[in-house]
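The values are calculated or read from the model by the stated rules, or taken from the named source; none is laboratory data. Just so it is clear, the structure is predicted and the values come from calculations on it, not from any experiment. Glycine gets a Cβ as well: all are built from the backbone with ideal geometry, and neighbour counts include every protein chain shown. Just the protein is used for accessible areas: all its heavy atoms, side chains included, with ligands, DNA and RNA removed. Shrake-Rupley method; radii C 1.70, N 1.55, O 1.52, S 1.80 Å.
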Amino acid sequence: MNHPHFNITANVDVTSFVSKTKQRKLPLTYSLVYLLSKTANDIKEFRWRIRNEEVIEHNMVHPSFTVPTDEADVFSFCTVGFQKELKDFIIEAERVRSQMKTDPSIEDEPGRDDFLFLSAIPWISFTSMQHAMSYHPHDSVPRISWGKFFQQEGKTMMPLSVQAHHALVDGRHMGAYFQNFEEMLMDF
């Protein structure tokens, strides 16, 4: 297929997560990126990539997420080595983000595909999303975006979009991603 990717967007309940990040005085964005990345790392299909007609499995994949910079209207990718412990991840994310504020980068590191591309669209509670990408059939890095939180029936909800290569990730794996993420949000 010329475009072998599929995308699912759903609203997830972040009520407990938002409350607990405030109680624990944790940075919301880094905590969210951590959980989104942990969820992907826990599902092997989200660590698979296509390289030269073969499927390889990374031991771990690392979030590359957008952050604002000191440059006007310029965002940068902030690639953080995933850490298994939240506190270690937050320290590393803050270190890398500090560099990106004054030295923005929008380029991927050549030869690497052990990423998860993540981005926030905090201005919109979107109901669907199409991620920008090269339509090369071997681009197999998942893309994950979240949008503006909103209130619904007394709960804080967040739109979440997950796009993956269909040769690697099936509907069952995508369903597991959303279910596992929601469980992590509740247990945070």
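Selection of segment 167-188 for residues being open to solvent by 10 Å² or more (accessible area, probe 1.4 Å), aromatic (Phe, Trp, Tyr) and touching a strand residue (DSSP E or B) at 6+ places or on another chain (Cβ under 9 Å) yields only Phe178. When segment 21-45 is limited to residues that are of a type in the set (D, E, K, R) and more than 27 Å from Asp113 (Cα to Cα), the one that is surrounded by the fewest Cβ atoms within 10 Å (Cβ to Cβ) turns out to be Lys25. Checked against (1) on the phi < 0 side of the Ramachandran plot; (2) out of contact with any Lys or Arg (no Cβ under 7 Å at 6 or more places or on another chain), Val61 passes all but condition (2).
Residues of segment 156-166 that are surrounded by fewer than 19 Cβ atoms within 10 Å (Cβ to Cβ) and within 18 Å of Phe126 (Cβ to Cβ): Thr156 alone. Within segment 133-166, the residues that satisfy the criterion of being farther than 25 Å from His5 by Cα, in contact with a strand residue (DSSP E or B) (Cβ under 8 Å, 6 or more places away or on another chain) and not β-branched (Val, Ile, Thr) are Phe149, Phe150, Gln151, Gln152, Lys155, Met157.
Using the structure shown, decide if Gly111 is exposed (fewer than 15 other Cβ atoms within 10 Å of the Cβ), within 14 Å of the chain's Cα centre (by Cα) and either at pLDDT 70 or above or on the phi > 0 side of the Ramachandran plot (or both). Taking the combined requirement at face value, the residue does not satisfy it.
I need the full set of residues from segment 11-20 which are touching a helix residue (DSSP H, G or I) at 6+ places or on another chain (Cβ under 6 Å) and open to solvent by 20 Å² or more (accessible area, probe 1.4 Å), in order please. Scanning segment 11-20 gives a single hit, Ser16.
If you go through segment 1-59 and keep only what is acidic (Asp, Glu), under 24 Å from His166 (Cα atoms) and in contact with a strand residue (DSSP E or B) (Cβ under 9 Å, 6 or more places away or on another chain), you end up with Glu45, Glu57. Looking across segment 1-55, the residues that are acidic (Asp, Glu) and farther than 18 Å from Trp146 by Cα come down to Asp42, Glu45, Glu53, Glu54. Can you name the residue in segment 130-155 that is among the polar types (S, T, N, Q) and surrounded by fewer than 21 Cβ atoms within 10 Å (Cβ to Cβ) and, of all such residues, is nearest to Val55 (Cα to Cα)? Among them, the one singled out is Ser134.
Residues that are of a type in the set (D, E, K, R) and within 20 Å of Ala120 (Cβ to Cβ) were ranked within segment 76-98; the one that is modelled with the highest pLDDT is Glu92. Considering the conditions (1) farther than 30 Å from Lys25 by Cα; (2) at pLDDT 95 or above, Lys155 is excluded by exactly one of them, (1).
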